[in-house]
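The values are calculated or read from the model by the stated rules, or taken from the named source; none is laboratory data. Owing to the predicted nature of the structure, the values given are computational and were not obtained by experimental measurement. FYI the Cβ positions are ideal-geometry reconstructions off the backbone, even for glycines, and counts take in every protein chain you see.
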Amino acid sequence: MPVYIVDSMMGSGKTSAAIQMMRNTEPSVKYLYITPYITEVDRIIAQCPERNFQQPDSLGTKTRAIKYLFEQRENIVATHALFQLFDSEITKIIRKSSYTLIMDEVADVIAPLGVGAEDMRTVLEKYATINPKTNLLEWHDKKYKGVFSDVKRLCEARCIGAYNDEVFVWLFPIKVFKAFADTYVLTYMFDAQLQRYYYDLHEVKYKRISVENRDNAYLFTDEIIDYDVPSRDMIRILDKSSLNNIGEHHAALSMAWYENHEDDIQRLRKNTYNYFANYAKTISTKTLWTTFKEWQHAIAGRGYMRGFAPLNARATNHFRDRTAVAYLVNRYMNPVIKHFLARYGVEVNEKAYGLCDMLQFIWRSAIRDGQPIDLYVPSRRMRTLLIDWLESDDGAYTL
């Protein structure tokens, strides 16, 4: 399973290089292109006419449609959301049909299971056990139909990982990745991302490649390129204690902080309004901000409400005209996932993980086109990570 990690800066031409590769490859090579957003689906179809890309938007359900397209050996473009629904039948078809996977940005490959502890105790007592070799949950009653049918389905897909009989996570089935002839993952700071840790967990080997601009065309290259970091003058980070002191504590603005600081959330809302209105001094259509989804409405305010984008926004150009940005979180990996990985000897770099997510969000703005932006990062921890990165010579993130 050759896996190529195209690890290059946001806006460096990764998608353009992928399009160039697909246009120039022999017609016998078939592609599945996975992207986070439906707007990017349209871009791939429009810019790669030679491939006659199809999208699974008809023929009943999307999973049924994509099975048909694979069987017909069509070039296919689809979203991450559909990719996560691939089942054993789809995986078998992919393996037979010899496809190359191009994944624009990393996938959500590990997540907390979302099933209560009491329910999981019942499952372990009556219906399933943990395989000591694979540490996967195995369901025993093949004819079972009941309230735990979803858990049964995930067990049969080998998607539930466990340790200590008490911590359970959903794992994207590694057999899906292994079904492809080749895989290209287009991202930045792969070492800091959850998919890298997932690959380490499954002992997947990969090769790093980069993007170069040759004769006005973006191409993949085996040469590892150090990309220039923008100057501090291009990203004007707000240095105002009255607005920043809410984030002095190392855990301030983390998920746990939001859950336990209702009064401070109102203060953060006022700070955010103050930043956009009196410091960035920009119109509402030029604003971009984020927080955890659960607190979006608690933070939203007049003059910037419609500038919200999800915390995990990636691979989209929709916000590239935004010149005033507020990053209102302190990013840590979910502790359930982190502890699960640690149990199997996979060590997480929390600083790099947080920095990577923040950079991906900031680069949705006008900075991706080399335009200066104003930026409010009230978390001292996150602000320090960003400043250290901006002052590095080559964007190093060994922190």
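Listing for the model above:
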{"quantity": "Single match in Asn271, Asn317 (criterion: touching a residue at least 24 places away in the same chain (Cβ under 8 Å) and surrounded by fewer than 17 Cβ atoms within 10 Å (Cβ to Cβ))", "calculated": "Asn317"}
{"quantity": "Residue within the stretch 19-40 that is surrounded by 15 or more Cβ atoms within 10 Å (Cβ to Cβ), assigned to a loop (DSSP other than H, G, I, E, B), on the phi < 0 side of the Ramachandran plot and in contact with a His (Cβ under 7 Å, 6 or more places away or on another chain) present", "calculated": "yes"}
{"quantity": "Subset of the stretch 16-26 [farther than 16 Å from Val185 by Cβ and in contact with an Asp or Glu (Cβ under 8 Å, 6 or more places away or on another chain)]", "calculated": "Arg23"}
{"quantity": "Subset tally (residues that are under 12 Å from Gly307 (Cα atoms) and part of a helix (DSSP H, G or I)) for the stretch 276-291", "calculated": "4"}
{"quantity": "Residue check, Ala81 under 30 Å from Asp191 (Cα atoms), within 21 Å of the chain's Cα centre (by Cα) and part of a helix (DSSP H, G or I)", "calculated": "yes"}
{"quantity": "Positions within the stretch 107-127 being in contact with a Leu (Cβ under 7 Å, 6 or more places away or on another chain) and farther than 11 Å from Ile160 by Cα, in sequence order", "calculated": "Val109"}
{"quantity": "Which numbered condition Tyr198 misses (of (1) modelled with pLDDT of 95 or more; (2) in a helix (DSSP H, G or I); (3) in contact with a strand residue (DSSP E or B) (Cβ under 7 Å, 6 or more places away or on another chain); (4) crowded, with 18+ Cβ neighbours inside 10 Å)", "calculated": "(1)"}
{"quantity": "Residue check, Asp165 within 30 Å of Thr384 (Cβ to Cβ), in contact (Cβ under 8 Å) with a residue 40 or more places away in the chain, loosely packed, with under 15 Cβ neighbours inside 10 Å and not assigned by TED's automatic domain parsing to the domain that holds Leu101", "calculated": "no"}
{"quantity": "Checklist (1) out of contact with any Lys or Arg (no Cβ under 8 Å at 6 or more places or on another chain); (2) over 29 Å from Ala107 (Cα atoms) applied to Tyr258, failing item", "calculated": "(2)"}
{"quantity": "Matching strands (runs of 3 or more DSSP E) fully within the stretch 90-144 where at least 2 residues are at pLDDT 90 or above and closer than 30 Å to Asn75 by Cβ", "calculated": "99-104, 110-112"}
{"quantity": "Sole residue being surrounded by 14 or more Cβ atoms within 10 Å (Cβ to Cβ), over 28 Å from the mean Cα position of the chain (by Cα) and not assigned by TED's automatic domain parsing to the domain that holds Lys338, chosen from Val147, Val151, Val115, Val123", "calculated": "Val123"}
{"quantity": "The stretch 250-268, subset free of Cβ contacts under 8 Å to residues at least 40 places away in the same chain and of a type outside the set (Asp, Glu), residue surrounded by the fewest Cβ atoms within 10 Å (Cβ to Cβ)", "calculated": "Asn260"}
{"quantity": "Residue satisfying condition, being among the small types (Gly, Ala, Ser), under 24 Å from the mean Cα position of the chain (by Cα), within 30 Å of Val229 (Cβ to Cβ) and part of a helix (DSSP H, G or I), within set Ser16, Ser12", "calculated": "Ser16"}
{"quantity": "Phe70 being assigned to a loop (DSSP other than H, G, I, E, B), within 28 Å of Gln20 (Cβ to Cβ) and either assigned by TED's automatic domain parsing to the domain that holds His339 or not acidic (Asp, Glu) (or both)", "calculated": "no"}
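For every residue, the table says whether it meets (1) in a loop (DSSP other than H, G, I, E, B); (2) over 25 Å from Leu390 (Cβ atoms); (3) of a type in the set (Phe, Trp, Tyr); (4) in contact with a strand residue (DSSP E or B) (Cβ under 8 Å, 6 or more places away or on another chain).
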position	(1), (2), (3), (4)
Ile224	yes, no, no, yes
Leu243	no, no, no, yes
Leu253	yes, no, no, no
Asn274	no, no, no, no
Gln296	no, yes, no, yes
Ala313	yes, no, no, yes
